[in-house]
Amino acid sequence: MSALSGDHTGCSVLIYDTQGNHLINTRVTHHDRKALRISIKESPDCLKLGDAYRLLVMSSPAPCEYMGRITKETQKQFFALYHGHEKEGRGAVRYKVNFPAMIENLIVEGKAYPLHTSLEIELINISKSGIRFRAPRLSLPDEARFQMRMKIGDGEKLLIADMVNYMDKDDGTTDYGCKFLIGSEKVV
């Protein structure tokens, strides 16, 4: 899927500097696919005209990743988008995150089954292809598919993911590595 194939207007966006340091969470107010640029809800002082940034747009069915420079035209600031930045050896840059999330449903054969109590989780990092989070040990069955709700600023994002690996920690928690489900499966 081409990153610019959908309209990102209204999507939450996480903005990082080029070293991967998180700066702000905000929303896309306008997405001009022809001109390859987006405008955001606010342009705080931490974003400087001409500087390059990494943007993780929380679009559906999975996040899209961009590089962009802050530019200005007729008194309006926007991100001019481009590709071609270096990636980690794993194929997708991982970004540190710090916002609440919970797992609400396990998904079996395309049908969502609500958990008796939503599982609050600690997000560790996110990329355009997956997410890593920490939860109490034995919270999820092996190879689980689940629906996750993340609160980003004043918005929410629902994502469906498959667990691909896990690592038990000494403190009674487990780190789960998951990939986003990007396909035609519909959850009822």
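Some observations on this one:
- Calculated FRET efficiency for the pair residue 169/residue 9, C-beta based, R₀ 45 Å, to 0.05: 0.70
- Charge tally around residue 32: other residues with Cβ under 12 Å, Lys/Arg +1 each, Asp/Glu -1 each, net +2.
- For region 12-82, a crude dipole built from +1 on the beta carbon of Lys and Arg and -1 on the beta carbon of Asp and Glu, taken about the Cα centre, is about 220 debye to the nearest 20.
- Beta bridges from DSSP with both residues in the chain: antiparallel share about 100 percent, rounded to the nearest 5.
- Region 95-180: C-alpha gyration tensor shape, a/c 1.5 cut-off, then a/b vs b/c: rounded
- Summing +1 for each Lys or Arg and -1 for each Asp or Glu among the other residues whose beta-carbon sits under 10 angstrom from that of residue 70 gives +2.
Here, each number is a calculation from the coordinates, and none is a lab measurement. No experiment lies behind these values; they were computed from the predicted model shown. Using ideal geometry, Cβ is built from the backbone for each residue, glycine included, and neighbour counts are taken over all protein chains shown.
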